[in-house]
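The next block holds one structure in the form of structure tokens; read it before the comments.
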Amino acid sequence: MDARTILIVDDDKDFLRGLGMRLKSDGYRVVGAADGVTATSVALKEKPDLVLLDLGLPGGGGFMVLERMKALLPLMTTPVIVVSARDPAANSERALQAGALAFLQKPVENEVLLTAIRKALGESP
Amino acid sequence: MGTTTGDNGNPSPPPLRVLLLEDNPRDAELAAAVLRRSGFAPQLETAATPESFQEQWGKSDFDVVVADYNLASWTAMDALAVIRESGKDVPLIVLTGALGDESAVECIKQGAEDFVLKDRPARLPMAIQRALENKRLREERKRAEAELEHSRQEQLRLRDEFLSHVSHELRSPLASIHQFTTILLDGLAGEIKPEQRDCLEIVLRNSRQLSAMVEDLLTITRVGAGKLTIEPQYTVASNPSGNIVETLRVLKSRAASKNLDLRSDLPSDLPPIWVDPQRTCQILTNLVENAIKFTPEGGSITVRFRRFDEDPNFVLASVADTGCGISRENRQAIFERLFQVASGDESRKGLGLGLYLARSLAICQGGRIWVESELGQGSTFFFTLPVFQLAPLLTPVVTESNLEKRSLWLLTVTFPGVRGSPLDPTEQQALRRLHEVLKHLVRPETDVVLPAMGGSDKGLSIYVLACVDPDGVQPLVNRLRERLSSPEILGQIGGSQPTISFAALDIAPERGAVPWTERVEEVAAHVERLAGNPPTTGG
């Protein structure tokens, strides 16, 4: 089976690169986007199996990206995990209601992130 | 008070609204004349009886009250009481023919602004002038105090906002430091030598410490702003895959790195507690970190959970160390914000927030915290955690009006794909979401969704106690099933369909003897029995 594709959306280039390295070493194909507008177009082009989404983004925040994805037929069923430094108390419920699978707060332990990714992709843990 | 310009070009004096309480018409006329001559423009209302005084007082606003000390059935002090009661700040000047020194002092003590003897009426205008000036100063002071308080509040708000912003901004670079350190440690950027590994472990340990400090800082700002959220959950402290055991595991290795032995005693027969597991771990972490800091190498720290002998509604947790102990005068102060011990050879002092935070969190959870210690004898910190009780949750629905026509049913909603692992944030969020969804589907007046009480490999069950008539059960079940089978919900719980079973509570209907409101404990016991052996995997 081909490697599953994960789209990471984050305006922190260092974090994007680090997470990319980590996920590639775990056997995933990784594509990235650093703002809200690019995120949607990359998602439409690459048809990722999973999106890891930051909330504070230039060009429309993460919530806008999430809403847009959930409204676009080709992306509607793509699982989204929010990975953000923001306060979970104020944002996790909103993210889940908007259709995200989970809200993980930065800094997130690798094991926690990988477990969430595998679960979202329906892979055995 | 503004001034207006009269016809002659001189400013005319502002009107002075006076209420004169005087039952002697001659004295009343005298006082009025003195006021008119003095340059005031008095608008005078006169009352000769308590009744008319009260009527005038209620009808209009006055700048000053002048009252005869002794009326037939009243004194000026009674008038003062009326003024007080109305909540208005209007000075009262006592007018009297003969006032012993002592009564004069008493009048002032009671709150009269001044007193004037009737045989020296010329003093009245001066007394009024001074009374009005005093009132103006009082109001000014009040305004200044309000402004000061407002700006103090504003400063606190700005400080908390700033701290919250800073903490959030610190998280992002911390995330990258954490990310790349683990990349190096895991050899993803090439092999590393053992010495390099040691160095990276230190970086990682410090970055985790920094993360915890940022977290504490954020929590403190929330406590300060009254925005701290406590989400109590059914928690089994001894659950091997729960937050508390996991936290102790991490703390144990942290203690070991300073050559301290951390022992924990978590009996498995402790009653489940009703706490926010994360907050409880924050308390525990802060207390143990504190113990690590003040215990010399080779010492030991003991964490113990047990039933609280003094109050069976609580579990008592304790953290005991063999450290330097705390002096009597410091024993209270250590829980204050920013408290730092003056001595201490520790290279790092920390933020001085740990114990303050622990206390705030313990109190927010409905418990308390204290310390027992002697200098040189080590310290033991105690905090209490409320025991989980089902009955209070059932009280709102187990009522006479609900059960007059309906009976009690227990619905078991089981999610085969969810195990409710306390340490898995996705599962915890899914659980919270399911709970919310269920809460929206039932009627809060008659039904109650019980907190998830742990899951197993077979899945996790959420129980709903419903007051319905027999015909109403199936429609309720159908409603729940339909909503829980939506693609959105299924996506969040791993795709497997939830199952719903239901059973009537086998409980004798009311026979007019004991009202339902007094049978909540009995109902709770039935629910617990129906729900099977209470699962022990929460927390």
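The values are calculated or read from the model by the stated rules, or taken from the named source; none is laboratory data. Predicted model, so just to flag it, every value in this text is computed and none were measured. Because the Cβ atoms are built from the backbone with ideal geometry, glycine has one as well, and the counts that use them run over all protein chains shown.
Looking at the range B:454-507, which of its residues are at positive phi and in a loop (DSSP other than H, G, I, E, B)? Give the derivation first.
Going residue by residue through the range B:454-507, those that are at positive phi are B:454, B:459, B:494-495.
Within the range B:454-507, B:Gly454, B:Gly494, B:Gly495 meet the criteria.
Can you pull out the residues in the range B:66-105 that are aromatic (Phe, Trp, Tyr) and either under 49 Å from the mean Cα position of the chain (by Cα) or assigned to a helix (DSSP H, G or I) (or both)? Give the derivation first.
Step one: filter the range B:66-105 for residues aromatic (Phe, Trp, Tyr), giving B:69, B:74.
Result: B:Trp74, single match.
In the range A:71-125, how many are among the small types (Gly, Ala, Ser), surrounded by fewer than 21 Cβ atoms within 10 Å (Cβ to Cβ) and within 7 Å of chain B (Cβ to nearest Cβ)? Before the answer, list the steps.
Initial filter on the range A:71-125 (among the small types (Gly, Ala, Ser)): A:71, A:84-85, A:89-90, A:92, A:95, A:98-100, A:102, A:116, A:120, A:122, A:124.
Then keep just the ones that are surrounded by fewer than 21 Cβ atoms within 10 Å (Cβ to Cβ); that gives A:71, A:89-90, A:98-99, A:122, A:124.
Filter again for within 7 Å of chain B (Cβ to nearest Cβ), leaving A:89, A:99.
Here the count works out to 2.
Of a type in the set (A, V, I, L, M, F, W, C) and over 48 Å from the mean Cα position of the chain (by Cα): does that describe B:Phe62? Step through it out loud before you land on a result.
Working: of a type in the set (A, V, I, L, M, F, W, C): yes; over 48 Å from the mean Cα position of the chain (by Cα): no.
Judged against the criteria, B:Phe62 is not a match.
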Checklist entry - Any residue in the range B:127-144 that is in the same structural domain as B:Phe40 (by TED's automatic domain parsing), of a type in the set (D, E, K, R) and at pLDDT 85 or above? => result no
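Could you please find all residues in the range B:213-267 being among the small types (Gly, Ala, Ser), within 22 Å of B:Lys293 (Cβ to Cβ) and either under 25 Å from the mean Cα position of the chain (by Cα) or outside any helix (DSSP H, G or I) (or both)?
Initially, the range B:213-267 is screened for residues among the small types (Gly, Ala, Ser), giving B:224-226, B:237-238, B:241-242, B:253, B:255-257, B:264.
Those still in the list that are within 22 Å of B:Lys293 (Cβ to Cβ) too: B:253, B:255-257, B:264.
Answer for the range B:213-267, where residues must be among the small types (Gly, Ala, Ser), within 22 Å of B:Lys293 (Cβ to Cβ) and either under 25 Å from the mean Cα position of the chain (by Cα) or outside any helix (DSSP H, G or I) (or both): B:Ser257, B:Ser264.
Report, by residue number, each residue of the range A:1-60 that is among the acidic types (Asp, Glu) and closer than 24 Å to A:Leu96 by Cβ.
Filtering the range A:1-60 for residues among the acidic types (Asp, Glu) gives A:2, A:10-12, A:14, A:26, A:35, A:46, A:49, A:54.
Listed by number, the residues that qualify are A:Asp10, A:Asp11, A:Asp12, A:Asp35, A:Asp49, A:Asp54.
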Checklist outcome for this item: If we keep only residues of the range B:441-468 that are surrounded by fewer than 16 Cβ atoms within 10 Å (Cβ to Cβ) and within 19 Å of B:Thr395 (Cα to Cα), then the residue farthest from the other protein chains (Cβ to nearest Cβ) is B:Glu445
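Restricting attention to the range B:177-187, does a residue exist that is more than 14 Å from chain A (Cβ to nearest Cβ) and of a type outside the set (Ser, Thr, Tyr)? Step through it out loud before you land on a result.
Residues of the range B:177-187 that are more than 14 Å from chain A (Cβ to nearest Cβ), as a first pass: none.
Scanning the range B:177-187, I find no residue that is more than 14 Å from chain A (Cβ to nearest Cβ) and of a type outside the set (Ser, Thr, Tyr), so the answer is no.
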Next on the checklist: If I filter the range A:14-54 down to residues being under 21 Å from B:Gly491 (Cα atoms) and assigned to a loop (DSSP other than H, G, I, E, B), which single residue comes out as farthest from the other protein chains (Cβ to nearest Cβ)?
Outcome noted: A:Lys47
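Can you tell me which residue is surrounded by the most Cβ atoms within 10 Å (Cβ to Cβ) among those in the range B:186-221 that are of a type in the set (D, E, K, R) and touching a residue at least 60 places away in the same chain (Cβ under 8 Å)? If you could, list the steps in order and put the result at the bottom.
If we filter the range B:186-221 for residues that are of a type in the set (D, E, K, R), which is where we start, we get B:186, B:191, B:193, B:195, B:197-198, B:201, B:205, B:208, B:215-216.
In the following step, the residues that additionally are touching a residue at least 60 places away in the same chain (Cβ under 8 Å) were identified as B:215-216.
Working: B:Glu215: 17, B:Asp216: 22.
Step by step, filter the range B:186-221, then rank; the result is B:Asp216.
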Checklist entry - Given the residues B:Ser407, B:Ser401, which is the only one that is free of Cβ contacts under 8 Å to residues at least 24 places away in the same chain and either more than 23 Å from B:Pro277 (Cβ to Cβ) or not assigned by TED's automatic domain parsing to the domain that holds B:Pro277 (or both)? => result B:Ser401
Next on the checklist: Of all residues being surrounded by 17 or more Cβ atoms within 10 Å (Cβ to Cβ) and free of Cβ contacts under 8 Å to residues at least 60 places away in the same chain in the range B:24-43, which is nearest to B:Ala76 (Cα to Cα)? Just the residue, please.
Outcome noted: B:Ala28
Checklist outcome for this item: Reported set for the range B:278-310 where residues are surrounded by fewer than 16 Cβ atoms within 10 Å (Cβ to Cβ) and part of a loop (DSSP other than H, G, I, E, B) is B:Pro296, B:Glu297, B:Gly298, B:Asp309, B:Glu310
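So which of A:Asp2, A:Asp11 is in a loop (DSSP other than H, G, I, E, B) and within 15 Å of the chain's Cα centre (by Cα)?
Values: A:Asp2 fails: within 15 Å of the chain's Cα centre (by Cα).
Going through A:Asp2, A:Asp11 in turn, just one is in a loop (DSSP other than H, G, I, E, B) and within 15 Å of the chain's Cα centre (by Cα): A:Asp11.
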Next on the checklist: So if I check each of B:Arg254, B:Arg306, which one is under 29 Å from B:Ala391 (Cβ atoms) and either without any contact (Cβ under 8 Å) to a residue 40 or more places away in the chain or among the charged types (D, E, K, R) (or both)?
Outcome noted: B:Arg306
Checklist entry - So B:Val214 clears everything in (1) under 26 Å from B:Thr285 (Cα atoms); (2) facing chain A (nearest Cβ under 7 Å) except one condition, right? Which one? => result (2)
Checklist entry - Looking only at residues in the range B:426-453 that are assigned to a loop (DSSP other than H, G, I, E, B) and closer than 20 Å to B:His526 by Cβ, which one is modelled with the lowest pLDDT? => result B:Met453
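Please go through the range B:147-176 and give me each residue that is more than 7 Å from chain A (Cβ to nearest Cβ) and either under 20 Å from A:Asp10 (Cβ atoms) or among the polar types (S, T, N, Q) (or both), ordered by number. Steps first, answer last, please.
Applying the first criterion (more than 7 Å from chain A (Cβ to nearest Cβ)) to the range B:147-176 yields B:147-167, B:169-170, B:173.
The answer is B:Ser151, B:Gln153, B:Gln155, B:Ser164, B:His165, B:Ser167, B:Glu169, B:Leu170, B:Pro173.
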Item to check | Residues of the range B:33-65 satisfying the condition of being out of contact with any strand residue (DSSP E or B) (no Cβ under 9 Å at 6 or more places or on another chain), farther than 16 Å from B:Lys88 by Cβ and outside any loop (DSSP other than H, G, I, E, B) | outcome: B:Ala33, B:Val34, B:Arg37, B:Glu51
